[in-house]
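The values are calculated or read from the model by the stated rules, or taken from the named source; none is laboratory data. This is a predicted model, so every value here is computed, not measured. Please note: Cβ atoms are built from the backbone with ideal geometry, for glycine as well, and neighbour counts cover all protein chains shown.
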Amino acid sequence: MSFTLHGIGVSGGIAIGRAHLVSHATLEVNHYVIPPHQIADESLRFDGAIRAVRAEFDGLQNEIPAGAPAEFAAFVNLHRMILDDSTLSVEPRRIIETEQCNAEWAVKVQTDALLAQFDAIEDSYLRERRNDVIQVVERILKALSGQPGYVPPPAIGAEQDLILIARDLSPADVVQFKRHQFASFITDVGGTTSHTAVVARSLDIPSIVALHRARELVRENEVVIVDGTHGVLIVDPDERVLAEYQQRRLAFGAARRKLSGLRDTRAVTRDGVAVALHANIELPDDVAQTLANGATGIGLFRSEFLFLNRRDLPDEDEQFEAYRKAAEAMNGLPVTIRTYDLGADKQTEDGAQHSVNPALGLRAIRLCLTEPQRFMSQLRALLRASHYGNISILIPMLASVSEIDQTLQMIARAKAGLDDEGIAYNRAVKIGGMIEVPAAALSLEVFLRKLDFISIGTNDLIQYTLAIDRADDAVSYLYDPLHPAILGLLSSIIKRADKAGVPVTMCGEMAGDVTLTRLLLGLGLRAFSMHAAHVPDVKQQVLEADASALRPLARSMLRTSDPLRLKVLLAKLNAA
Ligand code: PEP
Ligand code: MG
């Protein structure tokens, strides 16, 4: 019987194939009593399972395929850290001994306690790490049952036709997909910020998360259609639906091939306006994808990812190497590196602090200025790397003039220190600020006077202007880039920066949304930075646009506050 399920599409495109249900060890285990003379053996059995899982992680770490997204190594590290924590690797031994129970039960007791703690966490990013714990526990239970951690699918037809369906897939499992050619994978759990979603995007195959009951409702070998763009799963489609999606898949493939031909084409509108299309990256290895998609620079290197998923923090030298690597790989093209935007949903292992409203708390530059030593080592690393490429420094979440002044003073001190030590750096390195707090947008002139460039972070600008938590599903329906307040702010920022002769770019998700490219061009934006995979689509829009014709249409959108009329006007603008 045909039916449809809806989830969150995390990687676009259409896949048609046969369902393969990926099984994981279940967390439901039996309890049985171990006689006193067998307790020592049971403890040894537990230790053996922990050793086996460690060996699996070693194997994964050593065999990360070339070209695997940089996050993979970090994910394997995270899972290894969860395993090494005494809660899972030591405490169950004590339970086996004191409660005289089987190893599986001891692991389950510890897991339940751990998961209860996660359930109490309000922060959605940290809550999602609950799934990482489950994935590690599943590996331990599998090892206790004598099975390996990941079982490749049996040969039921060609791999290219397989759609993997799992309750959840760990990033460590997904890393192995690089060696396979599955058509798609879908999972029952996961949010847009889950690790699985992050790696899914890097794999660039259609995928959906948060389908809730797919693993239970779909049968092995059933024909399924995955529409990763719209987050739709169609199970057992009839002939007509199948034929339609086969057509759509062909059209999607053809459009992709055509777009990849644009890699070396300059992004210039029909009326000759040049537009900069840059990429957002998380780690230096992402540069390869940046260049492959034809981005002509890095508009946002989110440096805080160097600090995540690890116990120690990267020191000055390690950071210097990372920044230099990115700059050298870009070979003279601009590389804008943002100083670490930690806090809120991005906490280091040592920094997990629980403020009531983390997005309004010690985040980004606010945090940097409270820990001058750590901030100074990043500034020194950035300046040293600036000698090896075209690096600019970007400061996140500035809201007040004192923050700009303190930051500029710190940079001056970092420069003076390097001078004293005779270390080379680019003396003319440009310092920019993110405009992502409404206060900064409203008092822009002082930012324009003190900074060399600005970059509009629409993700946060929308969050803070409309007062909606960008990570909270319950209010996501209010997250509206077309809200008149947002359009008004964007237009005003771009106009005032142009007037002051200060370069302005946009690096929030709006910049990579093809339905908004023409509107932003019409508002006067000439520099966009986005996930590398979006560059070809946005370039296509730029090539087809007539910038001067878009201006009056964009202006008419600024004059209306009726949401329906705004949608109509946007459609008109996109058809112009
Ligand atoms: C933004 O806020 O738009 C932005 C680009 O920064 P981040 O998404 O990393 O907060
Ligand atoms: Mg931001």
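Say we look at the stretch 93-138 and pick out the residues that are among the polar types (S, T, N, Q) and not in a helix (DSSP H, G or I); which of these is farthest from Arg45 (Cα to Cα)? Among those residues, the one meeting the criterion is Gln100. Residue-level check: of (1) surrounded by fewer than 23 Cβ atoms within 10 Å (Cβ to Cβ); (2) within 16 Å of ligand 1 (Cβ to nearest atom), Met397 misses just (1). Scan the stretch 334-343 and give yes if some residue there is assigned by TED's automatic domain parsing to the domain that holds Met397, in contact with a Pro (Cβ under 9 Å, 6 or more places away or on another chain), modelled with pLDDT under 90 and within 16 Å of ligand 1 (Cβ to nearest atom), otherwise no. Yes, some residue in the stretch 334-343 is assigned by TED's automatic domain parsing to the domain that holds Met397, in contact with a Pro (Cβ under 9 Å, 6 or more places away or on another chain), modelled with pLDDT under 90 and within 16 Å of ligand 1 (Cβ to nearest atom). Residues that are within 16 Å of ligand 1 (Cβ to nearest atom) and either under 28 Å from Met530 (Cβ atoms) or in a strand (DSSP E or B) (or both): does the stretch 380-391 have at least one? So far as the stretch 380-391 goes, no, none of its residues is within 16 Å of ligand 1 (Cβ to nearest atom) and either under 28 Å from Met530 (Cβ atoms) or in a strand (DSSP E or B) (or both). Within the set Val568, Val514, Val535, Val475, the sole residue that is in the same structural domain as Leu291 (by TED's automatic domain parsing), away from ligand 2 (no atom under 16 Å from the Cβ) and within 28 Å of Leu360 (Cα to Cα) turns out to be Val475.
If you take the residues in the stretch 506-519 that are touching a residue at least 40 places away in the same chain (Cβ under 8 Å) and among the charged types (D, E, K, R), which one is nearest to Leu394 (Cα to Cα)? Only one residue tops the list, namely Glu509. Set side by side, the residues Gly501, Gly522, Gly488 differ, and just one is more than 16 Å from ligand 1 (Cβ to nearest atom) and free of Cβ contacts under 8 Å to residues at least 24 places away in the same chain, which is Gly501. The residues listed here are Arg496, Arg555; of these, the one that is loosely packed, with under 15 Cβ neighbours inside 10 Å, part of a helix (DSSP H, G or I) and in contact (Cβ under 8 Å) with a residue 12 or more places away in the chain is Arg555. Considering the stretch 1-58, the qualifying strands (runs of 3 or more DSSP E), each wholly inside and each with 2 or more residues that are of a type in the set (Gly, Ala, Ser) and at pLDDT 90 or above, run over 14-21.
Within the stretch 413-423, one or more residues are buried (at least 21 other Cβ atoms within 10 Å of the Cβ), assigned by TED's automatic domain parsing to the domain that holds Arg302, away from ligand 1 (no atom under 16 Å from the Cβ) and at pLDDT 95 or above.
Determine, yes or no, whether Leu250 is over 17 Å from Phe528 (Cβ atoms) and surrounded by fewer than 22 Cβ atoms within 10 Å (Cβ to Cβ). Give the derivation first.
Values: over 17 Å from Phe528 (Cβ atoms): yes; surrounded by fewer than 22 Cβ atoms within 10 Å (Cβ to Cβ): yes.
Yes; evaluated as a whole, the condition is true for this residue.
Apart from one condition, Arg449 fits all of (1) touching a residue at least 40 places away in the same chain (Cβ under 8 Å); (2) within 16 Å of ligand 2 (Cβ to nearest atom); the exception is (2). Under the condition of being over 26 Å from the mean Cα position of the chain (by Cα) and in contact (Cβ under 8 Å) with a residue 12 or more places away in the chain, the residues counted in the stretch 265-298 number 7.
Does Val535 count as in contact (Cβ under 8 Å) with a residue 12 or more places away in the chain, surrounded by fewer than 17 Cβ atoms within 10 Å (Cβ to Cβ) and of a type in the set (Val, Ile, Thr)?
Working: in contact (Cβ under 8 Å) with a residue 12 or more places away in the chain: yes; surrounded by fewer than 17 Cβ atoms within 10 Å (Cβ to Cβ): no; of a type in the set (Val, Ile, Thr): yes.
Taking the combined requirement at face value, the residue does not satisfy it.
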